Amino acid sequence: MKRIFMNQKLNDWVKEMAELCKPDDVYFCNGGKVEYDFMINKLLVAGMAIRLNPKKRPNSYLFRSHPSDVARLEKATIISSENKDDAGPTNIWIAPDELKRKMRALYDGCMKGRTMFVIPFSMGPVGSPLSELGVEITDSPYVVANMHIMTRVISDIPADKDFIPCMHSVGVGGGNAMWPCAPIEDKYISHFPEEKLIWSYGSGYGGNALLGKKCLALRIASYMAFQQGWMAEHMLILRLTNPQGRRYHIAGAFPSACGKTNLAMMNPSLPGWKVECIGDDIAWIRRGPDGKLYAINPENGFFGVAPGTSYATNPNAMETIKENTIFTNCALTGDGDVWWEGIDGEIPLSLTDWQGNPWKPGNNGEAAHANARFTAPAAQCPVICKDWENPTGVPIDAFLFGGRRESAVPLVFQARDWNHGVFLGSILASEKTAADLDKKIGELRYDPMAMLPFCGYNMGDYFGHWLKIGDILKGDAPPIFYVNWFRKDAAGKFMWPGYGHNSRALKWICDRIDGHVSAEETAIGLLPKIEDLDLSGVNVSGETMRELLRPHRALRRHEIPLIAQHYKKFGSRLPERLARQFIEFVAALG
Ligand code: GTP
Ligand code: SPV
Ligand code: MN
């Protein structure tokens, strides 16, 4: 080890971890382009990366992970607070001492024959008072390259600044030479919120390994936010501008693989309306000097779902990933480009699937993995907002909650007030998706505020925190809406065209913010009147539209026992106000 940092805590920690993991050498990252190219070269030479055809996809690479390591692993995600109750009923808890003992044994010597990389980074614009610093130690050059895109890699931590240590190893004993990882029983993605510390072992994929994202910016940050009076949320942030030039900023929480990236950079189908992207996955939100809420995106790139992304559905994502992009678990075309289910055009004649085998239509399984992803710089997005790195953030005019619901839940409706909105967020439910490895796809699960896998403390306390924020904001609390783009008809087809057409729901939300339209008071909340939705040029029948805007009291009654069960888990940590909201909801359903 040659290099000395300004920050003593960093020097001590790097030394301790190098002694434990016993790497062959230690490399100190600075975030430069030369370093990025060096990592990629290392991966190309080792055969872990495939260079895509530079004429089709300049400076872009494809990686294939081991089939056992293709998504976040919720069963291996641990919140290790001192007291079990502080992790709460929705998190897996192991006592810190016991967990550290187990993991130290796994880390011991795990980097023999490997290089240990030290990556200092900033979540949020460098130097912004709203940003947080982290340092990731990893043995994966793939992680280094991804961190270059997803975070702002810096070369040191100032002596007087704290940072969040993020320890990572892909581990040993599982995977293969191209994608080493640990066997499933040895994987741990551990968080010590009270210590602001992350220890991840055994997985090289996505949120398990790029520790600035879900581990730091959500699990650790949500606990810091709880203590310090701000919010760290699994939310996209967008700026919507109407034809008159009035701007609205909207933050929306949808569970993984439920449409955040798509909404954040959509092209509105409504003439004269414009969307600009500020963030597609995480929002850090604080009260500004004027009493309103302001949001920043702590990330520097997009780690987006590839399947379903096309010029027809998300042209701005397609433009973003034209070059300088890392692809993971996509299919490869004969002419050296990437491919996935739902991309534009004909299925290419020659295709290699995400595991490296020849693939033909009609083959069992998909060519691209359902959780195949792209890693691309946010600055490459054609509709990135000029204020996306503004250190003070953007003022939030409305919050959205939404998930995948095939039935019962309307296209858009509004909460009666903040507390009702928190209730709606707390009963956010979605059909399961491929973003988590353990799930049976399609089954319903409650995912409060889309934070179920990402809340670093007791979710009952998290609900209380949301209520408290509302109490502080009073009249400045933004209105809260609930959306559902995913209703299906009896034949299993989506009833709403979605994507750019979702701007029609957003326009109604703007009209509500400005008090231009009234709404229908119903058992579930405030529903749009059909004539208040701008549906010019949408190919949806009046009958379908009426169906999409029904409160569906009878169907929603089926959820009462499920919500009761969901709420029961929180015991005495469930805020009394939410219990009352639930009683009112049941009464209103009749
Ligand atoms: P994470 O990155 O996992 O947090 O996901 P996300 O919430 O950003 O989801 P994303 O925008 O990547 O969308 C996931 C999938 O949902 C993609 O296959 C999209 O094509 C699809 N999707 C997004 N918006 C819509 C919509 O309005 N209608 C329909 N039918 N599908 C959509
Ligand atoms: C999610 O699952 O919500 C993601 C992907 O954004 S990951 O970074 O792997 O968590
Ligand atoms: Mn996400």
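The values are calculated or read from the model by the stated rules, or taken from the named source; none is laboratory data. All figures in this text were calculated on a predicted structure; none of them were measured in a lab. Cβ coordinates were reconstructed from backbone atoms using ideal geometry, including for glycine residues, and neighbour counts include every protein chain displayed. To get the accessible areas, we keep the full protein, side chains included, count just its heavy atoms, and leave off ligands, DNA and RNA. Shrake-Rupley method; radii C 1.70, N 1.55, O 1.52, S 1.80 Å.
Worth pointing out:
- All conditions but one from (1) assigned to a loop (DSSP other than H, G, I, E, B); (2) out of contact with any Asp or Glu (no Cβ under 8 Å at 6 or more places or on another chain) apply to Ile469; the one that does not is (1).
Residues checked against (1) in a helix (DSSP H, G or I); (2) open to solvent by 10 Å² or more (accessible area, probe 1.4 Å); (3) modelled with pLDDT of 95 or more:
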site	(1), (2), (3)
Phe481	no, no, yes
Phe486	no, yes, yes
Asn502	yes, no, yes
Ala505	yes, no, yes
Ile509	yes, no, yes
Val517	no, yes, yes
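- Any hit, region 403-413, residues being buried (at least 21 other Cβ atoms within 10 Å of the Cβ), in contact with a Pro (Cβ under 8 Å, 6 or more places away or on another chain), of a type in the set (A, V, I, L, M, F, W, C) and more than 27 Å from Ala554 (Cβ to Cβ): no
- Yes/no for Glu319 being touching a residue at least 60 places away in the same chain (Cβ under 8 Å), part of a helix (DSSP H, G or I) and within 16 Å of ligand 1 (Cβ to nearest atom): yes
- Per the listing Pro243, Pro298, Pro289, the residue uniquely closer than 30 Å to Ser536 by Cβ, of a type outside the set (Asp, Glu) and out of contact with any Leu (no Cβ under 7 Å at 6 or more places or on another chain) is Pro243.
- Screening region 361-456 for strands (runs of 3 or more DSSP E) wholly inside it with 1 or more residues that are within 16 Å of ligand 2 (Cβ to nearest atom) returns the ranges 373-377, 398-402, 429-431, 444-446.
- In region 488-500, the condition of being in the same structural domain as Glu431 (by TED's automatic domain parsing) and touching a Gly at 6+ places or on another chain (Cβ under 6 Å) is met by no residue.
- Filtered residues of region 538-576 (kept if surrounded by fewer than 15 Cβ atoms within 10 Å (Cβ to Cβ), of a type in the set (Lys, Arg), part of a helix (DSSP H, G or I) and in contact (Cβ under 8 Å) with a residue 12 or more places away in the chain): Arg546, Arg553, Arg557
- All conditions in (1) touching a Gly at 6+ places or on another chain (Cβ under 7 Å); (2) at pLDDT below 95; (3) surrounded by fewer than 18 Cβ atoms within 10 Å (Cβ to Cβ) hold for Gly127, with the sole exception of (1).
- Test: Phe463 is of a type in the set (Phe, Trp, Tyr), within 16 Å of ligand 2 (Cβ to nearest atom) and either closer than 17 Å to Ala232 by Cβ or surrounded by fewer than 20 Cβ atoms within 10 Å (Cβ to Cβ) (or both): no
- Qualifying residues in region 436-469 (those that are at pLDDT below 95 and closer than 23 Å to Ser80 by Cβ) - the one farthest from ligand 1 (Cβ to nearest atom): Asp438
- Test: residue in region 282-295 that is within 12 Å of ligand 1 (Cβ to nearest atom), closer than 28 Å to Lys360 by Cα and either open to solvent by less than 30 Å² (accessible area, probe 1.4 Å) or acidic (Asp, Glu) (or both): no
- Residue match in region 378-389 (condition: within 16 Å of ligand 1 (Cβ to nearest atom), under 23 Å from Pro478 (Cβ atoms) and surrounded by 24 or more Cβ atoms within 10 Å (Cβ to Cβ)): no
- Unique match (being at pLDDT 95 or above, touching a helix residue (DSSP H, G or I) at 6+ places or on another chain (Cβ under 9 Å), within 27 Å of Gly336 (Cβ to Cβ) and surrounded by 13 or more Cβ atoms within 10 Å (Cβ to Cβ)) among Asn91, Asn59: Asn59
- Out of Lys75, Lys42, Lys33, sole residue that is more than 30 Å from Gly334 (Cα to Cα), surrounded by fewer than 19 Cβ atoms within 10 Å (Cβ to Cβ) and assigned by TED's automatic domain parsing to the domain that holds Ile157: Lys75
The rows are residues; the columns are (1) more than 19 Å from the chain's Cα centre (by Cα); (2) away from ligand 2 (no atom under 16 Å from the Cβ); (3) over 29 Å from Asp397 (Cα atoms).
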site: Ile296; (1), (2), (3): no, yes, no
site: Gly301; (1), (2), (3): no, no, no
site: Val305; (1), (2), (3): no, no, no
site: Gly308; (1), (2), (3): no, no, yes
site: Pro315; (1), (2), (3): yes, yes, no
site: Glu319; (1), (2), (3): yes, yes, no
site: Glu323; (1), (2), (3): yes, yes, yes
site: Phe327; (1), (2), (3): no, no, yes
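- Candidates Ala209, Ala257, Ala264, filtered to the one that is away from ligand 1 (no atom under 11 Å from the Cβ) and either modelled with pLDDT of 95 or more or open to solvent by 10 Å² or more (accessible area, probe 1.4 Å) (or both): Ala209
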